[in-house]
Amino acid sequence: MSRKVWIAGAALVAAIVAVVVSTHLDDWAAARAHGSAQRLWESREPTTYSFDYTACSGMCEPCHAHITVTDGEVTSVAGGGGCRGLDRDSAPTIDTIFEMEERDRSAEMTDSFEIRYDPTWGFPASVVLHCPPETSDCGTSYEVTGFRER
């Protein structure tokens, strides 16, 4: 095998490895950030807490609700503008929001995402998921604000 062929082959392999690594770097970074944030949450998780939850998917009327959680269970849901069917059985806890964020950022329809974690408590404070550019009526976001330990 000539030196030129070997160099060309090595360059092709290096390019393929670079593409694979760069494709997964965001996923690896997101998984590390998620794990760190979840450990922070688990180290501080209060027995009772409340928060304001806002969510929107596609072209929708945003959902706004105030949720109270005691011992890991939703005990109260108030508001609910745009949240059809959101009740104590379907409203998220912070643990549920961690699960949603992990599932949603790796979903097939997620082209890219932006996730911001609360620096004090660790929970996903803002999750924005983008669909591929050619997809219409797509994209999801949800947000946790007004978090209070009770």
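The values are calculated or read from the model by the stated rules, or taken from the named source; none is laboratory data. Model, not experiment: these values are computed from the prediction. Because the Cβ atoms are built from the backbone with ideal geometry, glycine has one as well, and the counts that use them run over all protein chains shown. When the accessible area is computed, the model is the full protein with side chains, heavy atoms only, and any ligands, DNA or RNA have been set aside. Shrake-Rupley method; radii C 1.70, N 1.55, O 1.52, S 1.80 Å.
Inside the stretch 28-41, can you point out the residues that are open to solvent by 70 Å² or more (accessible area, probe 1.4 Å) and touching a residue at least 60 places away in the same chain (Cβ under 8 Å)?
Matches in the stretch 28-41: 39 only.
Somewhere in the stretch 71-79, is a residue of a type in the set (D, E, K, R), touching a residue at least 24 places away in the same chain (Cβ under 8 Å) and open to solvent by less than 60 Å² (accessible area, probe 1.4 Å)?
Looking through the stretch 71-79, none of the residues is of a type in the set (D, E, K, R), touching a residue at least 24 places away in the same chain (Cβ under 8 Å) and open to solvent by less than 60 Å² (accessible area, probe 1.4 Å).
Please state which of the following conditions residue 144 fails to meet, knowing it meets all the rest: (1) touching a Gly at 6+ places or on another chain (Cβ under 9 Å); (2) more than 20 Å from residue 58 (Cβ to Cβ); (3) crowded, with 17+ Cβ neighbours inside 10 Å.
Result: residue 144 passes all but (1).
Any idea which of (1) touching an Asp or Glu at 6+ places or on another chain (Cβ under 8 Å); (2) closer than 20 Å to residue 52 by Cα; (3) of a type outside the set (Asp, Glu); (4) modelled with pLDDT of 85 or more is the one residue 98 doesn't satisfy?
Tallying (1) touching an Asp or Glu at 6+ places or on another chain (Cβ under 8 Å); (2) closer than 20 Å to residue 52 by Cα; (3) of a type outside the set (Asp, Glu); (4) modelled with pLDDT of 85 or more, residue 98 fails exactly one: (1).
Kindly evaluate residue 26 against the criterion of being part of a helix (DSSP H, G or I), among the acidic types (Asp, Glu), at pLDDT below 95 and over 18 Å from residue 145 (Cβ atoms).
Yes.
Which one is nearest to residue 36 (Cα to Cα) among residues in the stretch 113-134 that are part of a strand (DSSP E or B) and open to solvent by less than 30 Å² (accessible area, probe 1.4 Å)?
We begin by selecting, within the stretch 113-134, every residue part of a strand (DSSP E or B); these are 113-117, 124-130.
This time we only want the ones that are open to solvent by less than 30 Å² (accessible area, probe 1.4 Å), so: 124-127, 129.
On the way: 124: 11, 125: 14, 126: 16, 127: 16, 129: 20 Å.
Among those that are part of a strand (DSSP E or B) and open to solvent by less than 30 Å² (accessible area, probe 1.4 Å), it is 124.
Which of the residues spanning the stretch 87-112 are open to solvent by less than 40 Å² (accessible area, probe 1.4 Å) and touching a strand residue (DSSP E or B) at 6+ places or on another chain (Cβ under 6 Å)?
Scanning the stretch 87-112 gives 91, 93, 97, 101, 104, 105, 110.
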